[in-house]
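So the structure is just underneath, and the comments pick up after that.
The values are calculated or read from the model by the stated rules, or taken from the named source; none is laboratory data. Predicted, not measured: the structure shown is a model, and the values here were computed from it. Glycine gets a Cβ as well: all are built from the backbone with ideal geometry, and neighbour counts include every protein chain shown.
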Amino acid sequence: MSEQRLVLVVGVGRSGTSLLSGILGQLGLHIPKPEVQADDTNPRGFGEPRWAVDFHTRLLRSRRVTINDSRPAAFATMAKLAESPEIRAELHAWLGGQFAENRAIVVKDPRTAWFLPLWTACAQELGVTPDFVTMLRHPAETLTSARKSYGTWQPVSSRAGAWANVSLETERATRGARRAFIPYDDLLADWRREVTRLGELIAMPELAAPDAAKADGVDEFVDPTLHRNRVGWDDLDGPVPVPLRDLAETAWERLLVLTRGDDPGALAALDESREAYAALYGEAEELVHSSISAARRRKPKGAAPPQTTLYVRLARRVPVHWRRRLRGAFGRSS
């Protein structure tokens, strides 16, 4: 390959994106350094560039959007960032620096789904057309894994909504691009078949016909025993409303159809799922309007902003999973 390539691995967090990124990295695509360090939730590594994670996290917080946000309107809020000259210049400079030293780059971070217009615009400014790979994992398994990794602060119903919200919008946002959809189970069962299919779909020879020595290393890297959350809807730690559960299950089945290509009927059906989710979320917001109003605290005119302690300001800079460990070590409950 002589042209520069950018592969964006997208999908809901805990759906196998780290596994795929790690495979692509071992087969010759460059994962920008430094990477997020492995921990007990991802012992084989995250395959995530530290810069991209920090960049995305900062921008999400600036708009009060979370990585697993269930609000359909949140995507429009984040899409506006692609119009910011300052933010585009920041990503453009980093991405340009990576391409100055590497021909083929893979970037994986579940937060990327919130910034697809921004990444596409910056890549095109550099003369690169991005490719997209979406990992698919059953929502019940994803929710169970997310609870173990991210904690219990978000109710299971909200996480189910976020799964539908992020999955459906990611599919819509990548239409018309070179893309592939890979089920997590299939990648674990036969990574060679799935990566070969990916390479053919996005016209990348080093994936369509992997180097034998590198492939042998991937054989040792892929561990099917890491698939530890084989659960269904009835196994979750809390109830998911039937309309939401049925909607997510239907969306899951429709997304799986795309592993065989962009069938027009499947795309139309996914449009229906996305519209149905937006309508369901709108109904839920109207139903709990009184609770939202009661929880909202109005600041008196002229009141000074609340002061935070030094401890709180420093704690906010610490990644969530380390915060939980520190609380346990020092006996803090919040």
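Worth a mention:
- Exclusive hit being in contact with a Phe, Trp or Tyr (Cβ under 6 Å, 6 or more places away or on another chain) and surrounded by 13 or more Cβ atoms within 10 Å (Cβ to Cβ), set Thr196, Thr170, Thr174: Thr174
- Residue match in segment 30-49 (condition: within 30 Å of Ala284 (Cα to Cα) and either surrounded by fewer than 22 Cβ atoms within 10 Å (Cβ to Cβ) or in contact (Cβ under 8 Å) with a residue 24 or more places away in the chain (or both)): no
- Asn165 fulfils the conditions (1) of a type in the set (S, T, N, Q); (2) modelled with pLDDT under 95; (3) within 19 Å of Val65 (Cβ to Cβ) except for a single criterion, (2).
- Of all residues in segment 276-284, none satisfies being at pLDDT 95 or above, in contact with a Phe, Trp or Tyr (Cβ under 9 Å, 6 or more places away or on another chain) and surrounded by 12 or more Cβ atoms within 10 Å (Cβ to Cβ).
- Members of segment 145-182 found to be over 22 Å from Gly22 (Cα atoms), part of a helix (DSSP H, G or I) and not hydrophobic (A, V, I, L, M, F, W, C), listed by number: Arg147, Ser157, Ser158, Arg159, Gly161, Asn165, Glu169, Glu171, Arg172
- Meets criteria (under 19 Å from the mean Cα position of the chain (by Cα) and not acidic (Asp, Glu)) for Pro183: yes
- Considering the conditions (1) at pLDDT below 95; (2) at positive phi, Asp40 is excluded by exactly one of them, (2).
- Qualifying helices (runs of 4 or more DSSP H) (wholly inside segment 59-131; at least 1 residues being in contact with a strand residue (DSSP E or B) (Cβ under 8 Å, 6 or more places away or on another chain)): 85-99, 116-125
- Search result, residues across segment 95-130 that are of a type in the set (Phe, Trp, Tyr), in contact (Cβ under 8 Å) with a residue 60 or more places away in the chain and out of contact with any Ser or Thr (no Cβ under 9 Å at 6 or more places or on another chain): Phe99
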